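Q: First, the structure itself, so that you have it in front of you.
The values are calculated or read from the model by the stated rules, or taken from the named source; none is laboratory data. Note that the structure is predicted; figures quoted are calculated from it, not measured. Cβ: placed from backbone, ideal geometry, glycine included. Neighbour counts: every protein chain shown.
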Amino acid sequence: MKIIHISDIHLTVPGEEMGGLDPHVRFARALAHAAENHADAARVIITGDLAHWGERTAYEALRKALADLPIPVRLLIGNHDDRSCFLSVFPDHPVDANGFVNHAETIGKARFIYLDSVGERTHAGHFCAARRAWLATELAACDRARIFLHHNPMPVGLPAEDRIALVAKDRGPFRDLITEHAARIDYIHFGHVHAPIHGRLAGVPFASVPSTGNQSIPDLNEPDLLKGAPMDPAYAVVLIDGRDTTIHQIPFAWDGPVLTAGTGWEDWAKPVEAAE
(Lines give C-alpha, C1' and ligand atoms only; values in the text may rest on other atoms or scores of the structure.)
Protein backbone atom coordinates (compact mmCIF):
# COMPACT_ATOMS: atom_id res chain seq x y z
CA MET A 1 0.00 0.00 0.00
CA LYS A 2 1.16 3.51 -0.78
CA ILE A 3 0.20 6.66 1.13
CA ILE A 4 1.10 10.26 0.25
CA HIS A 5 1.78 12.32 3.38
CA ILE A 6 1.68 16.09 2.85
CA SER A 7 1.79 18.66 5.63
CA ASP A 8 1.81 22.35 6.44
CA ILE A 9 0.53 23.74 3.16
CA HIS A 10 -0.40 27.08 4.84
CA LEU A 11 -2.78 28.30 2.15
CA THR A 12 -3.69 31.98 2.12
CA VAL A 13 -6.24 34.09 0.34
CA PRO A 14 -5.15 33.44 -3.26
CA GLY A 15 -2.61 36.04 -4.31
CA GLU A 16 -1.23 36.57 -0.79
CA GLU A 17 2.22 35.28 0.07
CA MET A 18 3.25 33.41 3.19
CA GLY A 19 6.88 33.70 4.22
CA GLY A 20 7.84 35.20 0.87
CA LEU A 21 6.31 32.30 -1.09
CA ASP A 22 3.06 31.65 -2.88
CA PRO A 23 1.80 28.59 -0.96
CA HIS A 24 -0.82 27.81 -3.60
CA VAL A 25 1.81 27.37 -6.31
CA ARG A 26 3.87 24.98 -4.22
CA PHE A 27 0.83 23.00 -3.11
CA ALA A 28 -0.41 22.72 -6.69
CA ARG A 29 3.01 21.39 -7.76
CA ALA A 30 2.92 18.82 -4.97
CA LEU A 31 -0.53 17.59 -5.98
CA ALA A 32 0.39 17.48 -9.67
CA HIS A 33 3.57 15.54 -8.91
CA ALA A 34 1.71 13.06 -6.72
CA ALA A 35 -1.03 12.57 -9.31
CA GLU A 36 1.50 12.00 -12.09
CA ASN A 37 3.84 9.70 -10.21
CA HIS A 38 1.73 8.09 -7.51
CA ALA A 39 -1.79 7.76 -8.84
CA ASP A 40 -1.82 4.26 -7.30
CA ALA A 41 -1.71 5.70 -3.78
CA ALA A 42 -4.53 4.68 -1.47
CA ARG A 43 -4.72 8.11 0.18
CA VAL A 44 -3.30 11.60 0.25
CA ILE A 45 -3.23 12.60 3.91
CA ILE A 46 -2.65 16.28 4.74
CA THR A 47 -1.79 16.72 8.39
CA GLY A 48 -2.84 20.23 9.12
CA ASP A 49 -2.01 23.85 8.87
CA LEU A 50 -4.24 23.84 5.85
CA ALA A 51 -4.85 27.60 5.98
CA HIS A 52 -2.20 29.95 7.37
CA TRP A 53 -4.68 32.42 8.88
CA GLY A 54 -7.72 30.13 9.05
CA GLU A 55 -9.63 32.15 6.44
CA ARG A 56 -12.66 30.89 4.58
CA THR A 57 -11.28 31.91 1.18
CA ALA A 58 -8.18 29.80 1.81
CA TYR A 59 -10.31 26.74 2.64
CA GLU A 60 -12.39 27.35 -0.48
CA ALA A 61 -9.17 27.40 -2.51
CA LEU A 62 -8.16 24.11 -0.88
CA ARG A 63 -11.49 22.53 -1.76
CA LYS A 64 -11.09 23.66 -5.36
CA ALA A 65 -7.49 22.39 -5.56
CA LEU A 66 -8.55 18.93 -4.39
CA ALA A 67 -11.64 18.64 -6.58
CA ASP A 68 -10.01 16.80 -9.48
CA LEU A 69 -7.32 14.88 -7.61
CA PRO A 70 -7.63 11.20 -8.60
CA ILE A 71 -6.57 10.00 -5.13
CA PRO A 72 -8.87 10.08 -2.06
CA VAL A 73 -7.84 12.77 0.44
CA ARG A 74 -8.02 12.94 4.22
CA LEU A 75 -7.69 16.31 5.94
CA LEU A 76 -6.51 17.15 9.44
CA ILE A 77 -6.40 20.58 11.05
CA GLY A 78 -3.42 22.27 12.70
CA ASN A 79 -2.69 25.23 14.94
CA HIS A 80 -3.04 27.77 12.13
CA ASP A 81 -6.49 26.42 11.25
CA ASP A 82 -9.89 27.56 12.42
CA ARG A 83 -12.01 24.50 13.20
CA SER A 84 -15.41 26.09 12.68
CA CYS A 85 -14.38 27.88 9.48
CA PHE A 86 -12.86 24.67 8.12
CA LEU A 87 -16.08 22.76 8.82
CA SER A 88 -18.19 25.49 7.23
CA VAL A 89 -16.33 24.92 3.94
CA PHE A 90 -16.13 21.13 4.37
CA PRO A 91 -19.54 20.52 6.02
CA ASP A 92 -19.51 16.79 5.29
CA HIS A 93 -16.16 16.21 6.97
CA PRO A 94 -16.52 13.74 9.86
CA VAL A 95 -16.22 14.88 13.47
CA ASP A 96 -16.52 13.04 16.76
CA ALA A 97 -19.39 13.38 19.24
CA ASN A 98 -17.75 16.42 20.82
CA GLY A 99 -17.23 18.26 17.54
CA PHE A 100 -13.50 17.61 17.27
CA VAL A 101 -12.15 16.73 13.83
CA ASN A 102 -11.28 13.20 14.96
CA HIS A 103 -12.13 10.47 12.47
CA ALA A 104 -10.94 7.04 11.41
CA GLU A 105 -11.25 4.47 8.65
CA THR A 106 -10.04 0.98 7.93
CA ILE A 107 -7.69 0.60 4.97
CA GLY A 108 -6.57 -2.91 4.26
CA LYS A 109 -6.04 -4.54 7.64
CA ALA A 110 -5.17 -1.38 9.58
CA ARG A 111 -7.22 1.34 11.24
CA PHE A 112 -6.07 4.78 10.08
CA ILE A 113 -6.81 7.20 12.91
CA TYR A 114 -6.79 10.95 12.23
CA LEU A 115 -6.56 13.25 15.26
CA ASP A 116 -7.54 16.83 16.05
CA SER A 117 -4.75 18.26 18.24
CA VAL A 118 -5.82 21.91 18.02
CA GLY A 119 -6.33 24.22 21.03
CA GLU A 120 -7.92 27.66 21.21
CA ARG A 121 -5.70 30.63 20.33
CA THR A 122 -2.48 28.72 20.85
CA HIS A 123 0.10 27.18 18.55
CA ALA A 124 0.83 24.40 21.04
CA GLY A 125 -0.95 21.08 20.68
CA HIS A 126 -3.82 19.93 22.89
CA PHE A 127 -5.41 16.52 23.26
CA CYS A 128 -7.85 16.65 26.14
CA ALA A 129 -9.51 13.83 28.10
CA ALA A 130 -12.49 13.72 25.75
CA ARG A 131 -10.24 13.30 22.74
CA ARG A 132 -8.13 10.70 24.52
CA ALA A 133 -11.27 8.73 25.38
CA TRP A 134 -12.24 8.73 21.70
CA LEU A 135 -8.77 7.54 20.69
CA ALA A 136 -8.76 4.85 23.40
CA THR A 137 -12.04 3.48 22.04
CA GLU A 138 -10.65 3.38 18.51
CA LEU A 139 -7.45 1.66 19.58
CA ALA A 140 -9.21 -0.90 21.74
CA ALA A 141 -11.46 -1.91 18.85
CA CYS A 142 -8.74 -2.64 16.27
CA ASP A 143 -5.94 -5.12 15.79
CA ARG A 144 -3.60 -2.69 14.01
CA ALA A 145 -3.55 1.09 13.85
CA ARG A 146 -1.65 3.94 12.25
CA ILE A 147 -2.02 7.39 13.85
CA PHE A 148 -1.88 10.75 12.07
CA LEU A 149 -1.97 14.15 13.78
CA HIS A 150 -0.62 17.65 13.28
CA HIS A 151 1.45 18.35 16.40
CA ASN A 152 4.48 16.41 17.51
CA PRO A 153 3.15 14.61 20.61
CA MET A 154 6.62 14.42 22.13
CA PRO A 155 9.63 16.75 22.49
CA VAL A 156 11.96 16.45 19.51
CA GLY A 157 15.05 18.07 21.02
CA LEU A 158 14.50 21.50 19.44
CA PRO A 159 13.76 23.88 22.34
CA ALA A 160 11.83 26.48 20.35
CA GLU A 161 9.84 23.87 18.43
CA ASP A 162 9.10 21.98 21.63
CA ARG A 163 7.45 25.08 23.11
CA ILE A 164 4.59 24.42 20.68
CA ALA A 165 4.55 20.63 20.80
CA LEU A 166 1.70 18.83 22.55
CA VAL A 167 1.41 20.57 25.93
CA ALA A 168 2.88 18.80 28.95
CA LYS A 169 -0.45 18.20 30.68
CA ASP A 170 -1.71 16.26 27.66
CA ARG A 171 1.63 14.79 26.61
CA GLY A 172 1.94 12.40 29.52
CA PRO A 173 -1.56 10.92 29.25
CA PHE A 174 -1.16 10.64 25.47
CA ARG A 175 2.10 8.75 25.93
CA ASP A 176 0.40 6.48 28.47
CA LEU A 177 -2.27 5.68 25.89
CA ILE A 178 0.37 4.90 23.26
CA THR A 179 2.23 2.72 25.76
CA GLU A 180 -0.93 0.77 26.58
CA HIS A 181 -1.67 0.04 22.92
CA ALA A 182 1.88 0.03 21.52
CA ALA A 183 1.66 -3.57 20.30
CA ARG A 184 -1.10 -2.64 17.86
CA ILE A 185 0.19 0.76 16.65
CA ASP A 186 2.35 0.45 13.53
CA TYR A 187 3.39 4.10 13.21
CA ILE A 188 2.71 7.70 14.26
CA HIS A 189 2.85 10.34 11.51
CA PHE A 190 2.75 14.11 12.10
CA GLY A 191 3.63 17.51 10.61
CA HIS A 192 3.99 20.87 12.38
CA VAL A 193 7.81 20.86 12.59
CA HIS A 194 8.37 21.51 8.85
CA ALA A 195 11.20 18.98 8.81
CA PRO A 196 11.83 15.23 8.58
CA ILE A 197 12.30 13.89 12.12
CA HIS A 198 12.24 10.19 13.01
CA GLY A 199 12.28 8.27 16.27
CA ARG A 200 10.18 6.22 18.68
CA LEU A 201 7.56 7.12 21.26
CA ALA A 202 6.93 4.40 23.86
CA GLY A 203 8.46 1.96 21.41
CA VAL A 204 6.25 3.07 18.50
CA PRO A 205 8.11 4.54 15.49
CA PHE A 206 7.22 8.05 14.38
CA ALA A 207 8.04 10.34 11.47
CA SER A 208 7.35 13.93 10.54
CA VAL A 209 7.53 15.48 7.08
CA PRO A 210 8.70 18.77 5.54
CA SER A 211 6.28 21.51 4.55
CA THR A 212 5.26 22.38 1.03
CA GLY A 213 6.20 25.96 1.98
CA ASN A 214 9.08 27.14 4.16
CA GLN A 215 11.30 24.57 5.88
CA SER A 216 12.58 24.58 9.45
CA ILE A 217 16.26 24.93 10.17
CA PRO A 218 16.98 22.73 13.20
CA ASP A 219 18.61 24.58 16.09
CA LEU A 220 19.20 22.36 19.11
CA ASN A 221 20.18 25.35 21.27
CA GLU A 222 17.80 28.24 20.44
CA PRO A 223 15.14 28.35 23.18
CA ASP A 224 12.63 30.84 21.78
CA LEU A 225 12.83 31.63 18.08
CA LEU A 226 11.75 29.27 15.34
CA LYS A 227 14.12 29.32 12.38
CA GLY A 228 13.14 28.65 8.78
CA ALA A 229 13.92 29.45 5.17
CA PRO A 230 12.37 29.04 1.69
CA MET A 231 14.36 25.89 1.02
CA ASP A 232 13.13 23.21 -1.36
CA PRO A 233 9.89 21.57 -0.17
CA ALA A 234 8.97 17.90 -0.11
CA TYR A 235 6.24 15.42 0.67
CA ALA A 236 6.53 11.80 1.79
CA VAL A 237 5.59 8.57 0.10
CA VAL A 238 4.81 5.97 2.76
CA LEU A 239 5.07 2.36 1.57
CA ILE A 240 3.27 -0.12 3.80
CA ASP A 241 3.73 -3.87 3.61
CA GLY A 242 1.90 -5.52 6.46
CA ARG A 243 3.46 -4.04 9.57
CA ASP A 244 6.57 -2.87 7.71
CA THR A 245 6.92 0.79 6.73
CA THR A 246 9.31 2.56 4.35
CA ILE A 247 9.20 6.35 3.95
CA HIS A 248 10.64 8.25 0.97
CA GLN A 249 11.06 12.03 0.93
CA ILE A 250 10.05 13.40 -2.47
CA PRO A 251 11.65 16.75 -3.54
CA PHE A 252 8.80 17.52 -5.92
CA ALA A 253 9.87 21.09 -6.73
CA TRP A 254 13.45 20.36 -7.76
CA ASP A 255 14.07 21.66 -11.27
CA GLY A 256 17.86 21.49 -11.43
CA PRO A 257 20.03 18.87 -13.10
CA VAL A 258 19.36 15.18 -12.50
CA LEU A 259 22.37 12.90 -12.77
CA THR A 260 22.00 9.24 -13.70
CA ALA A 261 24.30 6.25 -13.30
CA GLY A 262 24.09 2.51 -13.68
CA THR A 263 24.38 0.09 -10.76
CA GLY A 264 27.23 -2.09 -12.03
CA TRP A 265 30.70 -2.01 -10.50
CA GLU A 266 32.28 -0.47 -13.57
CA ASP A 267 29.63 2.25 -13.68
CA TRP A 268 31.31 3.77 -10.63
CA ALA A 269 34.93 3.20 -11.64
CA LYS A 270 37.19 6.24 -11.46
CA PRO A 271 37.75 7.65 -15.00
CA VAL A 272 41.17 6.88 -16.40
CA GLU A 273 42.92 10.05 -17.50
CA ALA A 274 44.17 10.03 -21.09
CA ALA A 275 47.85 9.24 -21.42
CA GLU A 276 49.99 12.23 -22.36
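Q: Out of the residues in region 208-233 meeting the condition of being in a loop (DSSP other than H, G, I, E, B), of a type outside the set (D, E, K, R) and surrounded by fewer than 13 Cβ atoms within 10 Å (Cβ to Cβ), tell me which one is modelled with the lowest pLDDT.
A: The extreme case among them is Pro230.
Q: Next question. If the Cβ limit is 9 Å and pairs must be 6+ apart or interchain, which residue in region 144-168 that is more than 26 Å from Glu105 (Cβ to Cβ) and in contact (Cβ under 8 Å) with a residue 60 or more places away in the chain pairs with which residue that is among the hydroxyl-bearing types (Ser, Thr, Tyr) and part of a loop (DSSP other than H, G, I, E, B)?
A: Going by the 9 Å Cβ cut-off, the qualifying pairs are Ile164/Thr122.
Q: Another question, then. Please find, within region 159-175, the residue that is surrounded by the most Cβ atoms within 10 Å (Cβ to Cβ) out of those that are farther than 16 Å from Gly78 by Cβ and in contact with a Lys or Arg (Cβ under 9 Å, 6 or more places away or on another chain).
A: Selected residue: Phe174.
Q: Using the structure shown, decide if His194 is at pLDDT 95 or above, crowded, with 21+ Cβ neighbours inside 10 Å, of a type outside the set (A, V, I, L, M) and in a strand (DSSP E or B).
A: Criteria not met by His194.
Q: If a residue counts only when it is closer than 25 Å to Glu120 by Cα, which helices (runs of 4 or more DSSP H) contained entirely in region 2-92 have at least 2 such residues?
A: Ranges flagged: 56-66, 83-89.
Q: So Thr137 clears everything in (1) among the β-branched types (Val, Ile, Thr); (2) surrounded by 14 or more Cβ atoms within 10 Å (Cβ to Cβ); (3) farther than 23 Å from Ile9 by Cα except one condition, right? Which one?
A: Just one mismatch for Thr137, condition (2).
Q: Kindly provide the set of residues from region 57-87 that are touching a helix residue (DSSP H, G or I) at 6+ places or on another chain (Cβ under 9 Å), surrounded by fewer than 18 Cβ atoms within 10 Å (Cβ to Cβ), among the charged types (D, E, K, R) and touching a residue at least 12 places away in the same chain (Cβ under 8 Å), ordered by number.
A: Glu60, Arg63
Q: Identify the residue in region 234-274 that is free of Cβ contacts under 8 Å to residues at least 40 places away in the same chain, of a type outside the set (S, T, N, Q) and not in a loop (DSSP other than H, G, I, E, B) and, among all such residues, is surrounded by the most Cβ atoms within 10 Å (Cβ to Cβ).
A: Ranking the candidates gives His248 first.
Q: In addition: Run Arg200 past the list (1) within 20 Å of Ile113 (Cβ to Cβ); (2) surrounded by 19 or more Cβ atoms within 10 Å (Cβ to Cβ); (3) not hydroxyl-bearing (Ser, Thr, Tyr) and report the number of the one that doesn't hold.
A: Among (1) within 20 Å of Ile113 (Cβ to Cβ); (2) surrounded by 19 or more Cβ atoms within 10 Å (Cβ to Cβ); (3) not hydroxyl-bearing (Ser, Thr, Tyr), Arg200 violates only (2).
Q: Given the residues Thr122, Thr47, which is the only one that is β-branched (Val, Ile, Thr) and surrounded by fewer than 17 Cβ atoms within 10 Å (Cβ to Cβ)?
A: Thr122
Q: Right, something else. Which numbered condition trips up Ala133, out of (1) touching a residue at least 12 places away in the same chain (Cβ under 8 Å); (2) part of a helix (DSSP H, G or I); (3) aliphatic (A, V, I, L, M)?
A: The one condition Ala133 does not meet is (1).
Q: Go through the residues of region 187-194 one by one and say whether even a single one is farther than 20 Å from Phe112 by Cβ and of a type outside the set (Gly, Ala, Ser).
A: The answer is yes; a qualifying residue exists.
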